[in-house]
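Just so it is clear, none of the values below were taken in a lab; they were calculated from the coordinates. These numbers were taken from a predicted model, which means no experiment stands behind them. In this analysis, Cβ positions are derived from the backbone assuming ideal geometry, glycine residues included, and neighbour counts consider all displayed protein chains.
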Amino acid sequence: MIKNLWIYLLVFSTHIFAQQRGDFSNTPITVSGIVVDQDTNQPLEYATVSFYSPKLKKIVTGGITNQKGAFSIVVNRGVYTINVEYISFQTKTISQKKLFKNTDLGVIPLGLDTETLDDVVVIAEKTTVEIKLDKKIYNVGKDLTVSGGTVSDVLDNVPSVSVDVEGNVALRGNDNVQILINGKPSGLVGLNSTDALRQLPAESIERVEVITSPSARYDAEGTAGILNIILRRSKLQGMNGAITINAGYPWQAGISGNLNYRVGDLNFFTTSGYRYREVPGNSLNETRFFGGDGVISLDDTFLVEDRDFDRIRKGINTNVGVEWYINRTSSVTASYLYRSGDNESNTTNIITEPDLTGSIISQNIRFDPEIEDDQTKQYAINFSKDFNDSGHKLTADFQIENSTETENSRITQDNSTRIELVNTDEAQERILLQADYVLPIGKNSQFELGYRGNFNELNTEFLVQNDDNGLVVTDTDLSNNLIFTERINAAYSQYGSKIDNFSFLLGLRMEDTRIIIDQQTSGDFDRKNYTDLFPTVNLAYEISKKQNITLGYNRRIRRPRSRFINPFPSRSSATNLFQGNPDLDPSYTNAFDLGYLNRIGKLTINSSIYYNRSTQNFTFISEDTGNTVVIGISDENPQGTEVPVIRRTPINLASSDRYGFEFTLIYNPSKKWRVNGNFNAFQNTVRGTDPSGESLDAENFSWFARINNKITLPAKIDWQTSMFYRGPTENAQTKSDGILSVNLAFSKDLFKEKASMTFNVSDVFNSRKRIGTSTTPTFVSDSEFQWRERSFNFAFTYRFNQKKKRQRSRRDFNSDDEEFGG
């Protein structure tokens, strides 16, 4: 009897112990509860609930709360530590909770965490700004004027940034900007960054980092600075995301979405989209060639060149990936990017030669239908290891990208049986290797070192053939094959610290560049090797919690791209061509930036004084080639007319000094009214001569201003107006008029803010045109160019498991947010 009793007690004790150890873990139960704000008792939607197993030493499952703050999560039986988290609130931890049956945890109140509020990014209606030692971070809010638009449209609304009529991006008026995606070069930019940025949907952007004083961590390329575009990505449990469809006139349509699915230790994500867009544009050039020793005379020749562009842009892009959380401190992310473009462009070019009375002497009509196909594939893998919670971290990246771009034209000329066939094939391979190590030293200091290798090869084949009644002959003077190879190995280290109210970040970067220019057609083979040091200094002093002063210095480089050094001319026009310069050397810039930030009630003022000194500066000159082309062959004029050919080419000038001032104002007088404005004025002085000895000295003062005004009308309709004006500019040969553009948008939320519809008008007055005059010793040319005409667009966005005012931590994104400074 006693023996049987002992056996019974042993079995019973083993049963109880097994339950405590979680050995019945294969049996699922349901754990529920409600999470609320302890101050207001309001439910907290999208609070995260996670279950950590001490036995397995990892998070085994979790979930998020619904609109009522409630959660119901299925978990295997066992003992768990439960964490309830909500951004900007204190984490609630329930340790060693024994869960062996369905359990209701009841109401779980969370208190506001005032110490971490400064580290929170709120994705809301308004755009917020964060200031760090080496960059400004603009969290792109609900900007109505870019809804259904592209990344180019978003950048054109970011302070300090401007996008010209051709889509070229400039920072503080300087177009030598390096564009990164999630902190790295990306296939989303591809071979032609301008076209790529017009394909990527605006809704895919989370924030834009404007880095005018880059630290040593970043590549030294880009004399103006760096724009780092961070894409949306969530790590919340379950499925969440948003889908946007849009349509407009000139005819355009598209669909895009960002989706995330988190289950256990795996997070699947994608940002994808398809666009169809018709983009009509036009240009006009009126040129007077001096016939009498560079002075106006009756012997002058006049040419009027009128172009109409009818473009169709079709493109698909997708970035899919998975992040595996190996444990609480390590993760691996693998992603695949695919971008494809199918573009058409029909250009009608009419060249007219009038006499002094305006009568037409001859006329030539040139039709250039072009078909362009481009494709990019990129494979990337990232490893991240956090050694502890203080920022001790190691990251490593490997990325390989293959891009191809093919352009085919079949050019015909009025009254000519000859057809010119132009084919361009580009193939590029880029490999990126990168490793960064961050070591905190004490509570307020940090040491960092790293390596980056960029290995690029671009093969450009340019074939020009003349088809004369079926007889095809290759033009050997124009056809060419250029292989451009660039290998950059870089190493850096930097140290930062904060002493009371003073912070500093000091760094040094070394870059070794090896360039090979293989002109296979001509047999020329050139090498350019140079090793440079790039110091960086970033200082900050906190006058008070609302005021600080920053001072930055960095040395930058601008390397010539393959197009800049390809000596064979383009064929975009019979009388105007572009030709590269193989002797082009890199340009170097020393940049200084002094900034001041002040928050006065509802007004935020952010201002900077900056100075850039560049040597061997790039500039583009126009010159008479000395060659002529015959146009205007007709029955009345069977010999046609010989007219000069103008060439545009880059050269190195001696120096350039750019200094300026900018300030940004953000004013929120009420919840229904928000205003922000940006003003930038700069003086640019150029000193140098062209190859013939002609002085290209120039003084140019220019400025641009932008203002955004958003008002909530009755019925909760949002009305936003965006105005941009760029003042007149001048370089060595060209004076350009000012440009004014106005965008307008209206938006209305639907279905309890789960959806939004937006109507916007881009370039309301159809005034976004580049108008200028170029003057040389042999000719003067007036020009007008409009890349895109006024457009109308309607967009509809639907969000699921995601709210317009949802909050997120910066840790939700794979970016360079570990940069020292605050």
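Label points 7 Å out from Cα along the Cβ direction at ARG790 and ASP468: separation in nm? For the pair ARG790/ASP468, the computed spacing is 4.8 nm. A crude spin-label estimate for the pair PHE592 and THR775, with each label 7 Å from Cα along the Cβ direction, gives 3.3 nm.
Among rounded, prolate and oblate, which fits the stretch 476-580 when a ≥ b ≥ c are the square roots of the eigenvalues of its C-alpha gyration tensor, a/c under 1.5 means rounded, and a/b larger than b/c means prolate?
Numbers: a/c = 6.48, a/b = 2.44, b/c = 2.65.
It comes out oblate by the Cα gyration axes.
If you keep only loop residues by DSSP, which trypsin sites (Lys or Arg not before Pro) in the stretch 488-593 have at most 15 other Cβ atoms within 10 Å of their Cβ?
Details: sites: LYS498, ARG509, ARG514, ARG527, LYS528, LYS545, LYS546, ARG555, ARG556, ARG558, ARG561, ARG563, ARG571; in loops: LYS545, LYS546, ARG561, ARG571.
Within the stretch 488-593, the qualifying trypsin sites (Lys or Arg not before Pro) (loop, at most 15 other Cβ atoms within 10 Å) are LYS545, LYS546, ARG561.
Over 29 Å apart at the Cα level, from the set LYS443/LYS602; LYS528/LYS769; LYS98/LYS752; LYS68/LYS748, are LYS443/LYS602; LYS528/LYS769; LYS98/LYS752. Normalising the average separation of contacting C-alpha pairs (under 8 angstrom, six or more residues apart) by the number of residues puts the relative contact order of the stretch 37-97 at 32 percent.
Ordering GLU420, GLU286 by the number of other Cβ atoms within 10 Å of each residue's own Cβ, fewest first, gives GLU286, GLU420. The slack in the chain from ILE255 to LYS314, taken as 0.36 nm per residue of separation less the alpha-carbon distance, amounts to 20.0 nm. Between the stretch 738-763 and the stretch 52-89, the C-alpha centres lie 39 angstrom from each other. If the segment from LEU508 to PHE679 were pulled out straight at 0.36 nm per residue, it would be longer than the present Cα-Cα gap by 58.4 nm.
Applying 1/(1 + (r/R0)^6) with r as the Cβ-Cβ distance of ASN41 and LYS754 and R0 = 30 angstrom yields a FRET efficiency of 0.80.
With a ≥ b ≥ c taken as the square roots of the eigenvalues of the C-alpha gyration tensor of the stretch 244-323, please select rounded if a/c is under 1.5 and otherwise prolate if a/b is larger than b/c or oblate if it is not? Write out the running numbers ahead of the final one.
Numbers: a/c = 7.96, a/b = 3.30, b/c = 2.41.
Note, shape of the stretch 244-323 comes out prolate.
In this label model, ASP526 and GLU542 are separated by 5.1 nm, measuring between points 7 Å along each Cα→Cβ vector.
With a 10 Å radius around each residue's Cβ, average the other Cβ atoms per peptide and rank 255-263, 223-231, 440-448, highest first.
Numbers: 255-263: 19.8, 223-231: 24.0, 440-448: 15.0.
Final packing ranking: 223-231, 255-263, 440-448.
Full extension of the segment from TYR379 to TYR336, taken as 0.36 nm per residue of separation minus the current Cα-Cα distance, would add 15.0 nm.
Quick one: if the Förster radius is 51 Å, what FRET efficiency do ILE707 and ARG410 give, using the C-beta to C-beta distance and rounding to 0.05? Walk me through the intermediate numbers first.
Details: r = 46 Å, r/R0 = 0.90.
Computed FRET efficiency for ILE707 and ARG410: 0.65.
How high is the FRET efficiency from PHE302 to ARG328, r the C-beta distance, R0 60 Å, rounded to 0.05?
Working: r = 75 Å, r/R0 = 1.24.
According to the calculation, E is roughly 0.20.
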